[in-house]
Every structure is written in C-alpha cells, then in structure tokens.
Amino acid sequence: MDTEILARVQFAFTVSFHYIYPPLSIGLGLIMVIMEGLYLKTGDKIYETMARFWTRIFALTFGIGVATGIVMEFEFGTNWATYSRYVGDVFGSALAAEGIFAFALESGFLGVLLFGWNRVKPPVHFIATLGVWLGSMFSAVWIVVANSWQQTPAGYHIVGTGTNARAEITDFWAMVFNPSSVDRLLHVWVGAILAGAFLVLSVHGYYLLKGRYIEISQKAFKIALVVATIFSCSQLLTGHESANGVSKNQPAKLAAFEGHYDSLAKADMYLLGWVNQEKKEVYGPKIPGGLSFLLHYDFKTPVTGLNHYADNDRPKAVNAIFQFYHIMITLGMMMIGLTLLASWLWWRGKLFNYRWLLKLFVFAVFMPQIANQAGWFAAEMGRQPWVVYGLLRTSDAFSKSVGAQQILFSLIMFTLIYVLLFALFIYLLDRKIKHGPYDDSDIESRPLQHEISEVVENR
C-alpha cells in the first residue's frame, strides 16, 4: 500500500471507532432528560432509578469517546500536514467554538450529573442533565460544521499559492451555515438519537426476556420506543433534504450513490444491487426513474451522471459507495418498520406479548450504529478525489515526510489499543447491565415482583 492509502485507512479506522460513542452520548442524553423530567413531573421514584442507571452507562460511553477523539487531532498534524495547513484557520475556528460553546458546557455540568444525585435538589440535577445533553448536541454542531465546510466550502478566501496556499475565513457565519451544514447536522443528530434509543430498547428488552425488572423495563422501553419511532420516521425527511442538497452541491457524489452514469438518462433508484464499474452498469431490482422523481418529482427528468466528469474528478470506488449508501437506507427503513410495528402493538395493548419482538429489539441495537457508519463512509468516499471539495485533492493533502512504514506501524498499534479499549467497553457495559438498574443501596426499595422474578430465574 502507498502512503496515501495507508493514511486514509488509519484515519478512517480511528474516526469509525470513535464514532461508536458520541452518538450514544447524544441519544442517551435525550433519554435521560426525558426520564428525569418524568420523575420531576410525577414524583415516581422508578423514573429516578432508570435515570441513575442510564447515567452510569452514559459516563462509560462519554469517557471512551473523549479518549478516542483526541487521537484524530494528532493525526491531522502527523499524516495530513498539507491539509492541516490548508484548512487550519477554518477547522481551528470550529474546534475552538466546540471547546468554548460545547465541551465547556458539557464538562461543566458533568460532575453534577454524575455525583450530584444526593447533593443537589432534583430540579438542579435535571438542569445539569439537560446541560450535558445540550453540550453533546452543540459538540456535534461544530464537528459537522467543520466537516460540511470541506464538502461545501463557503465564507473564505485563499491566501498564498501552491503548497503554501491556505483558506482564511472572511465570513464566520457563512462558514458555519455553509450550503450543507444544516441538512447534514439534522441527519447526524437524528442518527445519534436513534443509537441511544435503540441501546435502551435492547437492554430493557433483554431484561423483559429474562423476567427481570419488569415494571422499570416496561416503562423505560416505552419511553425509548416513542423516541425511536419519532426519530426513525423523521430520518426520512432529513435524509431526503440531505440528498437534495447533495444533488445541488455534489452531483458526482449523488450519482455514485445510485451508480448513475448517463447524464442524458433518467436516474433509477435501486433497492439493492451491484455496480459493474467497467461496463458502467448496475445489476439489481430498481424503481425506474425513482431518483429522478425524488429530486424533480418527475420520473423522466435526466440527472447528472458520472460520465459528465473527467476520470480524475469523480469518485473511483463507485460500487463501495453504492453499497454503503444502500446499507444505510435499508437499515433506516428496517428501523422505521420495526418501531411502527411495535407502536401498533402497543396501541393494541400487546407490546410485551411477543418474545420474538423483544428478541428483535435486543439485536436491533446494531442497526443505527451500522447505518451511521455506512452513511459516513458513503459521504466521505463520495467526496473523493477531494478532501476539500473542488479546492484540495486528497492526493495532495497528506504529509510528504511521513513514510508508509511509519503509518503502518502506528495503524497496527492503534488497532491493538482500540481492540483492548473496545473489549474493556463491552466488559464494563456487560457488568453494568447484569448488575441491573438498582444501586446496592436501593436493594430494600426494589419492588417485590423484581425479587421474585430474580429468584425464579436463579433457580
């Protein structure tokens, strides 16, 4: 492998591993706010208990998310020196804003969230929980803004020439509200909330299957189901708006999403398939003119295809982009179907009558995570060959003084460390789930039905 490929693989690996955790923090943060809000409204201690339980899991995801995120900032300087110099003023402004407006808010309230349960009044603790959740949301704002600027640059001018060229901000708010930032941010927020909601559904679905913590799990399951249903359906809207934006700002990327080559032809929408890049054909079931209809509300309107661009100005790995995009779409539709089915059974009073449905939710925890990862892979690979769209090519952005062997060695080391971190995360998560939602100090306050069900299970 050459240096560029290894540098891209290393960054893709580290950012993919890191991106397991921030979405969970955002999604769990919203669930915790709802649970504490219900406790304040009703005074029912069961909502406080579930909020305490999910706060412990939130702390685990938050800690590993922070640790793994720091690595990427160093990679900008080691493996992507030209890129760092080119976008430093832009990216640095967004990261500084994240530290000031997001991370400070999140970390400032985090101590109260984790250690203030018996030290501050419930309304004060609720404000701390809300502050931590809003901080995680604002953190996503600035990261997505920085990435979106690379997709659709705005509010800048170029200073210098050649390898010394760099982008400087001329209009901060034009940079923040660049053409793709709002659509992409909404899409990312919704995907993150789904990751947290499906984790709650999975854990409490597991408890219900085991006959443990019945009352608390049924209530928590319903809370998470409402969130998951609303946001899985809303993902259709955010995804549609994001695709419309891509069609205007990065038409080559959209063409790669559906393997569309001919600019004079209508664009089909494939349910699944395989792109033959040599023959420039796609094999698989499709809706003829489906993409044309979604973009122009007409099945026959031509859509700009990959043939419109020179070979070195369009994505190369079209089949991979096609597959990642369709994995995201398929999983999104599956989440909609599963949550609507469960909501319908809830309306009929049969939500917890079917073990097969609970088993589906236990394993459905993987769906939003895979969909989030696949969506980012499709977006980032579809931007190629540009690291800053239309301005800086990826082949010109990596560090010329760092060799392939150095990157390979560090990639191997990162892989080993991240495997250990992931194993530790799973181990600690498993321990917290098996321990259950009640603290040891709460043992006397557990409802009798919980004790009976645990005795039956243990016997």
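Bear in mind these aren't lab numbers, they're just calculated from the coordinates by the rules spelled out. What you are looking at is a predicted structure, and each value in this text was computed from that prediction instead of being measured. Note: ideal-geometry Cβ built from the backbone for every residue, glycine included; neighbour counts use all protein chains shown.
Suppose every Lys and Arg Cβ carries +1 and every Asp and Glu Cβ carries -1, with no other charges. What dipole size does the chain come out with about its Cα centre, to the nearest 20 debye? Each step should come with its number before you reach the end.
Numbers: 35 positive and 33 negative charges, 195 e Å.
My answer is approximately 940 debye.
Extending each Cα 7 Å along its Cβ direction at K300 and R119, get the distance between those two points in nm, one decimal.
Distance between the two pseudo-spin positions: 7.1 nm.
Rank by packing, highest mean first: peptides 120-127, 333-340, with packing defined as the count of other Cβ atoms within 10 Å averaged across residues. Walk me through the intermediate numbers first.
On the way: 120-127: 14.5, 333-340: 17.6.
Peptide ranking by packing, descending: 333-340, 120-127.
Where the Cα atoms of the stretch 3-452 are projected onto their three principal axes, how long is each span, largest first, in whole Å?
Cα extents, longest axis first: 71, 47, 41 Å.
Compare the peptides 347-357, 66-76, 142-152 by average per-residue count of other Cβ atoms within 10 angstrom and give them in order, highest first. The partial results should precede the final answer.
Working: 347-357: 12.0, 66-76: 15.2, 142-152: 22.5.
Ranking, from highest mean packing down: 142-152, 66-76, 347-357.
Measuring from centroid to centroid over Cα atoms, what is the spacing of the stretch 294-319 and the stretch 237-261 in Å?
Spelled out, the Cα-based centre of one part sits 9 Å from the other.
How big is the gap, in Å, between the Cα center of the stretch 122-137 and the Cα center of the stretch 24-40?
With the stretch 122-137 and the stretch 24-40 each reduced to a Cα centre, they are spaced 9 Å.
What is the calculated FRET efficiency for K45 to S16, with r their C-beta to C-beta distance and R₀ = 35 Å, to the nearest 0.05? Can you show the working numbers first?
On the way: r = 40 Å, r/R0 = 1.14.
Efficiency, from the Cβ-Cβ distance: 0.30.
Would you compute the Debye intensity of the stretch 11-158 from its alpha-carbon atoms alone, equal scatterers and no solvent, and pass along log10 I(q)/I(0) at q = 0.13, 0.16 Å⁻¹ to two decimals?
The Debye formula, applied to the Cα set alone, gives -0.64, -0.86.
Cα axis of helix 3-18 to longest principal axis of the chain: angle in degrees, 0 to 90, nearest 10?
Its long axis makes an angle of about 20 degrees.
Distance in nm between label sites at F74 and I230, each 7 Å beyond Cα in the beta-carbon direction?
In this crude spin-label approximation the distance works out to 4.1 nm.
Helix 448-458 sits at what angle to the longest principal axis of the chain, using alpha carbons and giving 0 to 90 degrees rounded to 10?
The two axes meet at around 70 degrees.
Relative contact order, percent, of the chain when contacts are C-alpha pairs under 8 Å separated by at least 6 residues? Don't skip to the end; give the middle numbers.
Working: 660 pairs, mean separation 89.2, N = 459.
Relative contact order here is 19 percent.
Given H placed 1.01 Å from N in the peptide plane, which residues other than close sequence neighbours of Y270 have an amide H under 5 Å from its amide H?
Under 5 Å from the amide H of Y270 lie the amide H atoms of I287, each far enough along the sequence or on another chain.
Take the residue pairs K45/K434; K121/K432; K45/K359; K286/K316; K219/K286 and return only those whose Cα atoms are more than 32 Å apart.
Values: K45/K434 21 Å; K121/K432 26 Å; K45/K359 28 Å; K286/K316 23 Å; K219/K286 41 Å.
Table pairs above 32 Å Cα-Cα are K219/K286.
Ignoring everything except DSSP H segments at least 4 long, calculate the 222 nm mean residue ellipticity for the chain; use -39,500 (n - 2.57) per segment, divide by total residues, nearest 500. Please report the intermediate quantities before stating the final value.
Values: 16 runs with 317 residues, N = 459.
Helices in the chain give a 222 nm mean residue ellipticity of -23500 deg cm²/dmol.
How much length is gained on full extension from F363 to N244, taking 0.36 nm per residue of separation minus their Cα-Cα distance?
On the way: separation 119, 0.36 × 119 = 42.84 nm, distance 3.21 nm.
Gain in length upon complete extension: 39.6 nm.
Show log10 I(q)/I(0) for the stretch 161-209 at q = 0.14, 0.24 Å⁻¹, two decimals, from a solvent-free Debye sum over equal Cα scatterers.
-0.61, -0.88
Largest first and in whole Å, give the semi-axes of the stretch 272-417's equivalent ellipsoid, each being the square root of 5 times a Cα gyration tensor eigenvalue. Spell out each step's value before the answer.
Numbers: eigenvalues 269, 144, 31 Å².
Semi-axes (√(5λ), whole Å): 37, 27, 12.
Taking every pair of distinct Cα atoms and averaging 1/r, then inverting, what Kirkwood hydrodynamic radius in Å comes out for the stretch 211-346?
On the way: mean 1/r = 0.0600 Å⁻¹.
In the stretch 211-346 this quantity evaluates to 16.7 Å.
What is the fewest-to-most order of R431, R314 by other Cβ atoms lying within 10 Å of their Cβ?
Numbers: R431 10, R314 21.
Fewest-to-most ranking of R431, R314: R431, R314.
What are the GluC sites (Glu not before Pro) within the stretch 246-325 that DSSP puts in a loop, where the Cβ has at most 15 other Cβ atoms within 10 Å?
Working: sites: E258, E278, E281; in loops: E258, E278.
Sparse-neighbourhood loop GluC sites (Glu not before Pro): E278.
For the stretch 208-290, what number results from the quotient of the Cα radius of gyration and 2.2 N^0.38 Å?
Numbers: Rg = 20.2 Å, N = 83, 2.2 N^0.38 = 11.8 Å.
Its radius of gyration relative to the 2.2 N^0.38 Å reference: 1.71.
Between helix 318-347 and the chain, what is the angle of the helix's C-alpha long axis to the longest principal axis, kept within 0 to 90° and rounded to the nearest 10?
30 degrees
Subtracting the Cα-Cα distance from 0.36 nm times the residue separation, let me have the gained length for V66 to I100 in nm, one decimal.
Values: separation 34, 0.36 × 34 = 12.24 nm, distance 1.58 nm.
Length gained between V66 and I100: 10.7 nm.
Could you sort 414-425, 395-406, 369-380, 4-15 so that the peptide with the highest average Cβ count within 10 Å comes first and the rest follow in order?
369-380, 4-15, 395-406, 414-425
How much length is gained on full extension from T415 to I5, taking 0.36 nm per residue of separation minus their Cα-Cα distance? Present the calculation step by step, with values, prior to reporting the outcome.
Details: separation 410, 0.36 × 410 = 147.60 nm, distance 1.63 nm.
Additional length available on full extension: 146.0 nm.
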